1. To the nearest µm²/s, what D does Stokes-Einstein give for the stretch 85-209 at 4 °C and 1.567 mPa s, using the Kirkwood radius over alpha carbon pairs as Rh?
2. Quick one: which of Lys89/Lys131; Lys83/Lys153; Lys27/Lys62; Lys27/Lys83 span more than 24 angstrom between C-alpha atoms?
3. Quick one: give the max-minus-min coordinate of the C-alpha atoms of the stretch 1-68 along each principal axis, largest first, in Å.
4. Per residue of the stretch 17-31, what does 6.51 cos²θ - 1.76 cosθ + 1.60 with θ = phi - 60° give for ³J(HN,Hα)? Whole Hz please, x for Gly and Pro, Karplus curve as stated.
5. Give me the percent of DSSP beta bridges within the chain that run antiparallel, rounded to the nearest 5.
6. Run the numbers for Arg195 and Arg101: contour at 0.36 nm per residue of separation, minus the present Cα-Cα distance, in nm.
7. Sort 48-55, 31-38 for me by packing, meaning the mean count of neighbouring Cβ atoms within 10 Å per residue, highest on top.
8. If we sort 202-209, 58-65 on the protection proxy, mean other Cβ atoms within 10 Å, highest first, what's the order?
Amino acid sequence: MADAYRKVAEQVAEAALRVGRRPEEIKIVAVSKGVDDARIREAVTAGARILGENRVQEAQAKMARLADLPVAWHLVGHLQTNKVKYAVKLFACLHSLDSVRLAEEIQRRAEQAGRVMPALVEVNVSGEATKFGVPPRELRPLLEAVARLPLVKIEGLMTMAPVVSRSEEARPYFQALRRLAEEAAGWGLPGISMRELSMGMTQDFPVAVEEGATLLRIGTAIFGARA
Ligand SMILES: *Cc1c(COP(=O)(O)O)cnc(C)c1O
């Protein structure tokens, strides 16, 4: 576990240097869904500072047991409206905002919790029917609506590339997300930032780094195959 984490961090740094980026500007979200506490602790000892979960309930129990760890927790999986109430109390960042309705619920629950909620908009760049996220053409109306919600703080975009056999095949999807973020940054919407790009998983993270990722969501390469 510790070795695996360090190896991933090394690969991230190498990919960054290949394209003239500073390794420090890229954060690894160690995706710990389905992983037992002991292995999560090892990864944190090796340097992991952000843990990613995709189910609110599983995360809640885990966070209670691992409350002593010096980490931030991110929700990387799909968020249902009826779980927002819990999510705003648990997570430092939500990676999967994909509708106005969800944003409005986050605003409402963030107000009750007395906090600002950082979030990324998930974009379905590949157009696969099985994927969550807004189609690229719906990004602008969504951001315009969220710009009116003061407690939902958009910090950038997130996407998942299709399953590929060679990491290189994921590159066009990462390029498309980066271009979309550049475009969105030019719309001048108040309170909307495009500084974060959450893209890249075990199958393709070095390519994502080359294409500008700032948040990598990596599970298998750190923790091994999930049951
Ligand atoms: C599980 C998951 C990951 C990590 O996938 P690996 O292939 O194990 O690196 C990344 N993002 C999301 C949204 C996930 O659900």
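Since every read-out is calculated from the coordinates, none of them should be taken as a lab result. Please read these numbers as outputs of a predicted model, since none were measured by experiment. Cβ: placed from backbone, ideal geometry, glycine included. Neighbour counts: every protein chain shown.
1. After rounding, the answer is 87 µm²/s.
2. Lys89/Lys131; Lys27/Lys83
3. Cα extents, longest axis first: 40, 22, 19 Å.
4. 5, 4, 10, x, 9, 8, x, 5, 7, 10, 9, 9, 9, 7, 7
5. Close to 0 percent.
6. Length gained between Arg195 and Arg101: 31.5 nm.
7. Taking the mean over residues of other Cβ atoms within 10 Å, the ranking is 48-55, 31-38.
8. In decreasing order of mean packing, 202-209, 58-65 become 202-209, 58-65.
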